[in-house]
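Written below as structure tokens is the structure these notes are about.
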Amino acid sequence: MKSVTAKKHAPRVGFVSLGCPKALVDSEHILTRLRAEGYDIAPTYEGADLVVVNTCGFIDAAVAESLDAIGEALAKNGRVIVTGCLGVKDGLIRKAHPRVLAVTGPGALAEVMLAVHAHLPRPHDPYADLVPPQGVKLTPRHYAYLKISEGCNHRCAFCVIPALRGPLVSRPIGAVLQEAEELVRAGVKELIVVSQDTSAYGADVKYRTGFWRGRPVKTRLTELARALGDLGVWVRLLYVYPYPHVDEVIPLMAQGKILPYLDVPLQHASPRILKLMKRPAAAEDNLARINTWRSICPDITIRSTFVVGFPGETEGDFETLLEFLEAARLDRVGGFTYSPVDGAAANVLPDPVPEAVKQERLARFMEVQAEISAEKLRRKIGRTIPVLVDEITPEGAAVARSMADAPEIDGVVRIADAAGLAPGDLRRVTITGADTHDLLAGC
């Protein structure tokens, strides 16, 4: 009888992922490469041979959270590699945590792997170097983020993303569609398209023609959305600037090719504040465009985010924002107070708004939107709509989302009796109740 030698366990890497969905996709790429090379992913600090922390550096609160996460990983493990947006501030990280093994910037897959190889080599094992074709995902099996580009060409005064992630770089459309196809084959029911500026997709390569399934396809949002719509799953668009050519995707929503949902970060409505922000569109144009979209696709859900208390914002500017909110009747809205970001052009603007005034304006803003949201949700009572089940609670209820709900940022549909339901199921339910943000339903 042959003797059996106990196999030494593969090197184990712990992973902490912070920030936006774009950063989550970067984390998935790193995890996929780690698994492809035979590393195990450890669920705890203590069980890992080293830890990778993918950071966010967009606003001060995110910087603080990232530095805290690095500190926690160092305290509980001691061997930490830092990557992500905060990684461009190498000096800041090393001053706070001089014991980190390496620091890389965002989208730095090759650099992260070089650092891992340097500090945690692993023997080649051709039997372990296997991962599913869709890669390693951090989202539930039934939905996935699909990143179509990196970076941004805008120079908004409050934002440092171009400094962190560079100018717009669009992924080849054939590669995007191949990834989408692999995700669908793996069981994904919802593809969520993300980037810094989804509507600018292809502008950097002059919308050149790529190939998918042997046929030519332009590297452009409309053509991408149409092709994704052929995959037979929910397709949701996030981070879309209201450029005129975005009008072309609304008929695809009306036809049921992609979800009737558009996330458009408008940020403000006062022309003066939008100019100070260096935003690319005017409020009156935005309102007209929203009305046009609704005339083409009456069921469209429009989500947006706004900043209150930007330097120089007067009470009159804020009232203009409230008036826009009342006129636009947006379905989903996020509101934030302005927060200085290290390196942002807005930091040198005069007339900063006192913190107490910012908070008071935010409360008024959210109060107006809460009434709009509640009124819109009440209209859905009695309707039968499709939902995607996200989870089954220990109490036997289901938490689902409608076409109008992006994961983690919008509301949910709560189903009291989850009998016969499982995560990833697509079902039709009847809406029986509503509150400010969520719906209640029965099968």
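The values are calculated or read from the model by the stated rules, or taken from the named source; none is laboratory data. Being a predicted model, the structure only gives us computed values, none of them experimental. Ideal geometry is used to build each Cβ from the backbone, glycine not excepted, and the neighbour counts take in all protein chains shown. Calculation scope for accessible area: heavy atoms of the full protein, side chains included, ligands and nucleic acids excluded. Shrake-Rupley method; radii C 1.70, N 1.55, O 1.52, S 1.80 Å.
In segment 12-119, carbon and sulfur make up what percent of the accessible area (probe 1.4 Å)? Display every interim value, and only then the final one.
Numbers: 2330 of 4170 Å².
That share works out to 56 percent.
Could you work out the mean projected area of the convex hull around the alpha carbons of the chain, in square nanometres to one decimal? Answer in nm², one decimal: 25.1.
To make sure I understand the rule: partners must be aspartates and glutamates, Cα under 16 Å from the Cα of K76, and not fewer than 8 residues away in the same chain. Which ones qualify? Result set, ordered by chain and number: E46, D49, D68.
Charge tally for A422 (other residues, Cβ to Cβ under 11 Å; Lys, Arg +1; Asp, Glu -1): -1.
Among residues other than L259 with Cβ under 15 Å from its Cβ, the summed charge is 0 (Lys and Arg +1, Asp and Glu -1).
Relative contact order of segment 143-379, taken over Cα pairs closer than 8 Å and 6 or more residues apart, is 17 percent.
At 1.4 Å probe size, with the rest of the protein present, what percent of the exposed accessible area of segment 383-442 is carbon and sulfur atoms?
Values: 1450 of 2750 Å².
Of all accessible area on segment 383-442, carbon and sulfur atoms account for 53 percent.
Proximity of backbone amide H atoms, modeled 1.01 Å from N, is registered between G334 and S304, T305, F306 at under 5 Å, excluding neighbours fewer than 5 places apart on the same chain. Short-range pairs are left out: with C-alpha atoms under 8 Å and at least six residues apart, the relative contact order of the chain is 10 percent. Rounded to the nearest whole Hz, the Karplus-based 3J(HN,Hα) values (6.51 cos²θ - 1.76 cosθ + 1.60, θ = phi - 60°) of segment 74-88 follow the sequence 5, 5, 9, 10, x, 10, 10, 10, 10, 9, x, 4, 5, x, 5, with x at glycine and proline. Phi-derived couplings, Karplus 6.51 cos²θ - 1.76 cosθ + 1.60 at θ = phi - 60°, listed residue by residue for segment 186-192: 7, x, 5, 9, 9, 9, 10 Hz, with x used for Gly and Pro.
Counting only cysteine Cβ atoms and a cutoff under 4.7 Å, the chain contains unmatched residues C20, C56, C85, C152, C297, C443.
Using Cα pairs closer than 8 Å and at least 6 residues apart in sequence, work out the relative contact order for segment 146-282, in percent. Could you put the intermediate results ahead of the total?
Working: 227 pairs, mean separation 32.0, N = 137.
Rounded, it is 23 percent for segment 146-282.
Roughly speaking, what is the stretch gain from T393 to A64, that is 0.36 nm per residue apart minus the C-alpha to C-alpha distance, in nm to one decimal?
Length difference between fully extended and current span is 115.2 nm.
Roll a 1.4 Å probe over the protein chains and send me the accessible area per residue for segment 389-443 in Å².
On the way: 2630 Å² over 55 residues.
Result: 48 Å² of accessible area for each residue.
Distances between placed amide hydrogens fall under 5 Å for A434 paired with L440, all partners being 5 or more residues away or on another chain. Just the protein heavy atoms count here, and of the accessible area of segment 143-379 at 1.4 Å, carbon and sulfur take up 55 percent. Give me the net charge for the shell around C156: Cβ to Cβ below 12 angstrom, other residues only, Lys and Arg +1, Asp and Glu -1. Value of the local net charge: +3.
Each of G57, N347, F324 was placed along the dipole of the chain (beta-carbon charges, centred on the mean Cα), and the one lying farthest toward the positive end is G57. Once the convex hull of all Cα atoms in segment 12-119 is built, its volume per residue stands at 83 Å³.
Only DSSP H runs of four or more residues enter the estimate; each adds -39500 (n - 2.57), and after division by the residues of the chain the mean residue ellipticity at 222 nm equals -10000 deg cm²/dmol. Distance from the Cα centroid of segment 217-262 to that of segment 178-196 is 14 Å (rounded to whole angstrom). Summarising the amide proton neighbourhood of K189: residues at separation of 5 or more, or on other chains, whose placed amide H is nearer than 5 Å comprise Y143.
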